[in-house]
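The values are calculated or read from the model by the stated rules, or taken from the named source; none is laboratory data. Nothing here was measured: the structure is a model prediction, and the numbers come from that model. We place every Cβ from the backbone using ideal geometry, glycine too, and count neighbours over all the protein chains shown. These accessible areas exclude ligands, DNA and RNA; they are computed on the full protein's heavy atoms, side chains included. Shrake-Rupley method; radii C 1.70, N 1.55, O 1.52, S 1.80 Å.
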Amino acid sequence: MSEDGNTSTFNISYTNFFLVGFPGLSEWRPFLVLPLTFLYVTIISANALVIHTVAAQRSLHQPMYVLIALLLAVNICAATAVMPKMLEGFVHYANPISLHGCLAQMFFIDFTLLLDYNLLLAMALDRYVAICHPLRYSDLMTSHLLGVLAFFTLTRSLGVAVPLVVLTSRARFCRTAVIRHFTCEYIALLSIACGDLTFNNHLGLAMRLATVSFDLALLGTSYTRIIYAAFRISSGGARAKALHTCGSHLLVILTIYLSGLSTSIVFRVAKTVSQDVQNLLSAIYLLLPGTLNPVIYGVRTREIRQHIEKMLCGKEIAREVREKPERLQNTRVKGKLPG
């Protein structure tokens, strides 16, 4: 036995683990599968509906709506990286997963979260140009610039997610094969690793702080200037529309960053918080954006909402038109029958 109390001297490193999320809810696990499945289906359906609306309507083929559709597509990927394994964990108390599967899940979780942050930056740039330089909007926000922004988003997300995964893959997991979490998050994996993890902890914290601090500084600067420019618009209707659009983006930003901040604080500061509470905060952090974003953009964005209503109501009207002759025919037939 080594001085730090683990079995690292025996060169033991687990390559297969068991995810045990929400250990205090063992009796309620079977009853939670159905509502969580419904939540997953709702996330997929709601995000896919808005994405389909943007893709199907040529009038929505504009940078702002394209970026919204990309953000919602990332929401679907993020939920898919988490929910299937989480649901499996509610069926089986000890949910098996290999080290490679764990690292793959960790990569997709971190990658999709970083894509969210970077897409919010791109959307802030789009709104900044649209409100602060409206006459040059069509000249500046071109398809070429969207391509550059997409490349920047992917590169920056990979540049943070890949080093974390590579560094974690080199750690040795000798404490236990049980991960007390429903998913393979970076902090959850480090909690069962052995040896000197100072560099891993400092790197993860530094990358998160650098990313979040830089993004929040840019977002704060952009939206401060956007709101200032919006209040200077002489037309009341145009001013209200600009502020309404920015309000939707700010709601999404607050949802993502506040949930992430609360999770980080609890994990790193509140040592007395139960494992179930920590896992619940992680679930909110990972799934809340995918749940709220399609509602925020589908309801608050007038152009998207109108097309969704037209599409859904159009189908309802068409169905009524098809069913009306049948109802009339049935009424005539019933009228000829003896009462």
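Data overview
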| item | result |
| --- | --- |
| Flag for residue 175 being assigned to a helix (DSSP H, G or I), surrounded by 15 or more Cβ atoms within 10 Å (Cβ to Cβ) and basic (Lys, Arg) | no |
| Filtered residues of segment 44-61 (kept if over 18 Å from residue 293 (Cβ atoms), touching a helix residue (DSSP H, G or I) at 6+ places or on another chain (Cβ under 9 Å) and not hydroxyl-bearing (Ser, Thr, Tyr)) | 56, 57, 61 |
| Verdict on residue 117 being closer than 20 Å to residue 296 by Cβ, open to solvent by less than 60 Å² (accessible area, probe 1.4 Å) and either outside any helix (DSSP H, G or I) or not hydrophobic (A, V, I, L, M, F, W, C) (or both) | yes |
| Scope segment 34-51; condition of a type outside the set (Ser, Thr, Tyr) and surrounded by 14 or more Cβ atoms within 10 Å (Cβ to Cβ); matching residues | 36, 39, 43, 44, 46, 47, 48, 49, 50, 51 |
| Hits in segment 131-144 (condition: in contact (Cβ under 8 Å) with a residue 24 or more places away in the chain and assigned to a helix (DSSP H, G or I)) | 131, 132 |
| Residue match in segment 313-327 (condition: at pLDDT 70 or above and of a type in the set (A, V, I, L, M, F, W, C)) | yes |
| First in segment 206-226 and farther than 22 Å from residue 126 by Cβ, second anywhere and part of a helix (DSSP H, G or I) and at pLDDT 80 or above, Cβ under 9 Å, 6 or more apart | 207/160; 207/163; 207/164; 208/160; 210/160 |
